[in-house]
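The values are calculated or read from the model by the stated rules, or taken from the named source; none is laboratory data. Remember, it's a predicted structure, so these values are computed and weren't measured experimentally. Quick reminder, even Gly has a Cβ in these numbers, built from the backbone with ideal geometry, and neighbours come from all protein chains shown.
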Amino acid sequence: MRDVYLSKSDEDLMSLLMNEDRLALEILFHRYYAPLCKFSSIYVKDYNKAEELIADLFMRLWDKRNHLEVKSVKNYLFTSAKNLSFNAIQRAKLTLLSLNDHQNTLEYPDSHLNPQELLTSRESYTEIIALIDLLPSRQREVLLMSRIDLLGKDTIADLLGISVRTVETLLYQALRNFRSYTTNRPTI
């Protein structure tokens, strides 16, 4: 019976899932769990947290099975994983912001930087992040995966389900827009 399920398409498995078929969920889980964990860990920077998020994703998939209208299971799962990862990052940032209010008094500055250099580096970092946030979401995503996570174009293409050429185009556009933002920003 299990062998029959293994040969079924994602969409067939989703139809079975909507009819309360637990084996269909299990097959989808085994098919996508590892790639989704790797994908999520790119964003949350913690593989254990990614595993937790993806396990939650499959529990939600089961809970919402009767209300979902999914055309592409793979796209749905990866988009959901990305959204869950971003939500986890946002929750972590909110927690860190409240902790940082109290920790600022405990921080020790880098002995190589004087107070002016330390302040300037923090301001520059904040400005760079703000400029990156101005990029369209897909360009921002590809830029961060390429420059921060140091992923190759082939890996990015596989993770996002797009062609390498599209990754190259998005990266080019992101860098062009970022340069434009940096040259056109108001100076203080």
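Scanning region 113-128 turns up one or more residues that are modelled with pLDDT under 85, under 20 Å from the mean Cα position of the chain (by Cα) and either part of a loop (DSSP other than H, G, I, E, B) or hydrophobic (A, V, I, L, M, F, W, C) (or both).
In region 42-70, the residues that are touching a residue at least 40 places away in the same chain (Cβ under 8 Å) reach residues that are among the aromatic types (F, W, Y) with C-beta atoms within less than 6 angstrom, at least six apart or across chains, in these pairs: V70/Y76. Under the condition of being under 24 Å from Y43 (Cα atoms) and not aliphatic (A, V, I, L, M), the residues counted in region 63-91 number 14. Confirm whether K82 is touching a residue at least 60 places away in the same chain (Cβ under 8 Å), within 23 Å of R140 (Cβ to Cβ) and part of a helix (DSSP H, G or I). Answer is no for this residue. Here D10 fulfils each of the conditions (1) closer than 17 Å to N83 by Cβ; (2) surrounded by 16 or more Cβ atoms within 10 Å (Cβ to Cβ); (3) of a type in the set (D, E, K, R) apart from (1).
Of all residues in region 30-58, those being surrounded by fewer than 18 Cβ atoms within 10 Å (Cβ to Cβ) and either aromatic (F, W, Y) or not in a helix (DSSP H, G or I) (or both) number 4. Taking the criterion of being part of a loop (DSSP other than H, G, I, E, B), under 20 Å from the mean Cα position of the chain (by Cα) and charged (D, E, K, R), the only residue of region 135-188 that qualifies is D149. Residue count for region 23-32 satisfying the condition of being farther than 13 Å from V73 by Cα and touching a helix residue (DSSP H, G or I) at 6+ places or on another chain (Cβ under 6 Å): 1.
Once region 137-188 is narrowed to residues that are hydroxyl-bearing (S, T, Y) and closer than 20 Å to Y43 by Cβ, the residue that is surrounded by the fewest Cβ atoms within 10 Å (Cβ to Cβ) is S137.
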